[in-house]
Amino acid sequence: MRRFLKLSGVVFAGLILLSGCRGATVYNVENSPIEAKIPSSKVYDAIKMAGASKGWIITNIRPGLAMGKLNTRSHTAIVEIPYTENSFSIRYKDSTDLNYDASNNQIHKNYNGWIKNLENAINVQLSVLAN
């Protein structure tokens, strides 16, 4: 009986640990509309400023496409950010230490929060430019 209780305790502890490591479906932003008429070069400026405010390094790959990189402790997230004067998107590109599983589009649960924060910051910067 004592051995059974010990084994049950080990199994229970393992389940607790595994439940804390759950992943989440990757959150991508697709064609988020830009309400005001802003030139695409200014959209890039808004993306760059928003990214910097959240710890992202934003680089312009070519007109209409930026790349964002976030380094947090041992984690790295890389996203593509296509943009026009009418909309922007944020799409997963690569990561390190975030347990990305391409087969079921799962990633560390913190990733989605980082993307939502970036999306919100971009929208704030765009609204500042619109006024």
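The values are calculated or read from the model by the stated rules, or taken from the named source; none is laboratory data. All figures in this text were calculated on a predicted structure; none of them were measured in a lab. Glycine gets a Cβ as well: all are built from the backbone with ideal geometry, and neighbour counts include every protein chain shown. Keep in mind that these areas ignore ligands, DNA and RNA; they rest on the heavy atoms of the full protein, side chains included. Shrake-Rupley method; radii C 1.70, N 1.55, O 1.52, S 1.80 Å.
Quick notes on this one:
- Placing pseudo-labels 7 Å out from each Cα toward the beta carbon at Ile61 and Ser127 gives an inter-label distance of 2.9 nm.
- Protein heavy-atom accessible surface, 1.4 Å probe, per residue over region 20-107: 56 Å².
- With all protein chains in place and ligands, DNA and RNA left out, the 1.4 Å accessible area ranks Ile122, Ile57 as Ile57, Ile122, largest first.
- Solvent exposure, largest accessible area first (probe 1.4 Å, DNA, RNA and ligands not counted), of Arg62, Arg73: Arg73, Arg62
- Check: region 61-131 dipole with +1 on Lys, Arg Cβ and -1 on Asp, Glu Cβ, in debye: 100
- Pair Ser32, Thr84: separation of 7 Å Cα→Cβ label points (nm): 1.8
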